[in-house]
1. Within the range A:282-318, track down each residue that is of a type in the set (S, T, N, Q) and modelled with pLDDT of 85 or more.
2. Among the residues of the range A:30-52, is there at least one that is surrounded by 13 or more Cβ atoms within 10 Å (Cβ to Cβ), among the polar types (S, T, N, Q), without any contact (Cβ under 8 Å) to a residue 12 or more places away in the chain and near DNA strand C (Cβ under 10 Å from one of its atoms)?
3. Here are the criteria: (1) over 23 Å from A:Asp74 (Cβ atoms); (2) in contact with a His (Cβ under 8 Å, 6 or more places away or on another chain). Tell me which single one A:Ile135 does not satisfy.
4. How many residues, within the range B:18-30, are in a helix (DSSP H, G or I) and either near DNA strand D (Cβ under 8 Å from one of its atoms) or at pLDDT 95 or above (or both)?
5. Of the residues that sit in the range A:53-65 and are buried (at least 19 other Cβ atoms within 10 Å of the Cβ) and more than 7 Å from DNA strand C (Cβ to nearest atom), which one is farthest from A:Leu126 (Cα to Cα)?
6. Can you find, within the range B:1-10, the residue that is nearest to DNA strand D (Cβ to nearest atom) among those that are surrounded by fewer than 17 Cβ atoms within 10 Å (Cβ to Cβ) and part of a helix (DSSP H, G or I)?
7. Those residues that are within 18 Å of the chain's Cα centre (by Cα) and assigned to a loop (DSSP other than H, G, I, E, B), I need them from the range B:235-289; list them, please.
8. With respect to B:His259, determine if the residue is more than 8 Å from chain A (Cβ to nearest Cβ) and free of Cβ contacts under 8 Å to residues at least 40 places away in the same chain.
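The values are calculated or read from the model by the stated rules, or taken from the named source; none is laboratory data. Bear in mind the structure is a predicted one, so any value in this text is a computation, not a measurement. Neighbour counts run over all protein chains shown; Cβ positions are idealised from the backbone, glycine included.
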There are 2 protein chains.
Amino acid sequence: MATIRDIAKKMGLSVSTVSRALNDNQRISIHTRKRVKKMAQELGYQPNYNARNLTNQEANAVGVVFPVNNRVVDNIFYVGLLRGINEELTSKNYVLSVAIGNSTEQVLENVKSMITRAQIKRFILLYSHINDPVIELLRKQPVTFVTIGKPAAGQKWLYVDNNNVKAGADGTRFLMERYHVSNPIFAESPNGWPYELDRREGYLREMSQTNRKPVIFAVPDEDEHQLDRLIKENPQMDGVVATDDYTGLKIYHRFKTLHPDKEIEVVGYNNSLPNELTDQHFHSVDLHPKEMGQDAVQLLFENQIEARVKHTIVEHSI
Amino acid sequence: MATIRDIAKKMGLSVSTVSRALNDNQRISIHTRKRVKKMAQELGYQPNYNARNLTNQEANAVGVVFPVNNRVVDNIFYVGLLRGINEELTSKNYVLSVAIGNSTEQVLENVKSMITRAQIKRFILLYSHINDPVIELLRKQPVTFVTIGKPAAGQKWLYVDNNNVKAGADGTRFLMERYHVSNPIFAESPNGWPYELDRREGYLREMSQTNRKPVIFAVPDEDEHQLDRLIKENPQMDGVVATDDYTGLKIYHRFKTLHPDKEIEVVGYNNSLPNELTDQHFHSVDLHPKEMGQDAVQLLFENQIEARVKHTIVEHSI
DNA sequence: CTGAAAGCGCTTACAG
DNA sequence: CTGAAAGCGCTTACAG
């Protein structure tokens, strides 16, 4: 591999000049910069990241942290995020390092080692939990981090999120306007995830604005009878806004089993189902994970001072 | 951060001795080694990976390469693999670097840069395609790599895979023995993925051994009528072995819609569906992605000479 | 059993 | 506008 020393020798320049020229240092004449870059090209010069990182006392890597307990559902989303993150990192000549483990302790050790041994100074967390030990750690360290999902009320840090209230309202309106649904119900998990609360709020707003009676289903994981009962108690329902595609699909199937001849339109979130499983009555709000990943990187590299508590909202689409 | 120089000074030893002691070099007395390690502990010494990698001319990182076009289905599997890979890497003090992109060119550039700039010498590919440019590149470079999935016939390199013929047979037998299914049909995609062919072979073997008539469904992505027709043409069917969970679930629902009162048992593969979507008649063969990831790392670090074309088969379970 | 020294490939304060 | 030199924190061949 050619080094800057090779370029320097070949051109009768000093190593310092070559280094500066390659880094576009103003102090080197434009002419020299051009010549050096051309020679670098010719020799197939590739910078040695390890050497550079050693001098810089900082790695050209971003640590991407996975949550410990993730639902199967979310994995699809994570890969989309990775795509966006890496696309953006590549153009910055940065590298994507992953921290993932089966326990909080493992992940914590992983991240600590990234900071102290690998000298990584920037992190993206694919989640945003309350009282998360990793987040607590990062806040105390001289590093920058961005979470996917907003922090709980009262907390402040950099994050990327969707506007879930709007996403809830949009999903609801979509059913009413495009499919002439009269009585959409809202379905959520019993867990009360933050994004669920927001989407529900959007649903409620939309329902009250159009003077309709809102109905909330809390759909239990295992109990099918409970779900059947809810469906039977609401003969008026002709549409579903479900906080995730899985819940939506489940309700869709139960509904069709109970009422084979009735039509129903469903909106879920996340585009997490393959076409194999859905049909034309099933819709999903795309939260654009790839774009969220890209925006996370942007935030991470913005001027640290003005970006203390900034965030980015990614538009969704149906 | 404490460095080996700090330890050396504090103990009146040379930097060389400290370095050797920490690396358990035989030439240093056990006594000294112990003392040095204790002091390292006390000072909270953490090795600087960038420095070490620079001297070693090799990064303590494994490049994990994602396929360009992945189906939603697979994402679930990838996260499981990542878990296994990173667990194993952590114990080796190695780091996980990801290469992922939207085009072959992007991924190829990504990997090239890992080799030449980051000096990564070991790779794991989360796929195993024929004529894949990344694989072609890696074969020519002085690096080691392992694929998830076996290479096409005639090709040879390190890989980790399941025994899919056995997995096909086991799934079939599982239905017959545990659920007294008499006439399981086999469902596959029209794509003819290698693992599908193998699972089908296992199914056929099991059927012929028990003197039953095999039936193969090629399930199209979009055409529901085609699927309905197949179901109607086979009134004897009381079980399904599907090459993936999605196909299995789809057939299950169509079957239940056409025959609300008949029972049917389904086996899919990959454990890729959340409980929300399945019930007690739906089963899935677990291919143990986490274990596959761990084994991939093991292979990657085995003695290079004896492991030229070795592979590991991970046991599945239902 | 231990040490002094060179070297890995960069960046940058200092000097001119 | 360019260069000589120090330094980042390690490992290891050479010497004793």
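1. A:Ser284, A:Gln294, A:Gln298
2. Within the range A:30-52 (the criterion being surrounded by 13 or more Cβ atoms within 10 Å (Cβ to Cβ), among the polar types (S, T, N, Q), without any contact (Cβ under 8 Å) to a residue 12 or more places away in the chain and near DNA strand C (Cβ under 10 Å from one of its atoms)), the answer is yes, since at least one residue qualifies.
3. Every condition holds for A:Ile135 apart from (1).
4. Going through the range B:18-30 one residue at a time, the tally reaches 4.
5. It comes out as A:Asn53.
6. B:Arg5
7. Residues satisfying the conditions are B:Thr243, B:Asp244, B:Asn270, B:Asn271, B:Ser272, B:Leu273, B:Leu287, B:His288.
8. So B:His259 fits the description; yes.
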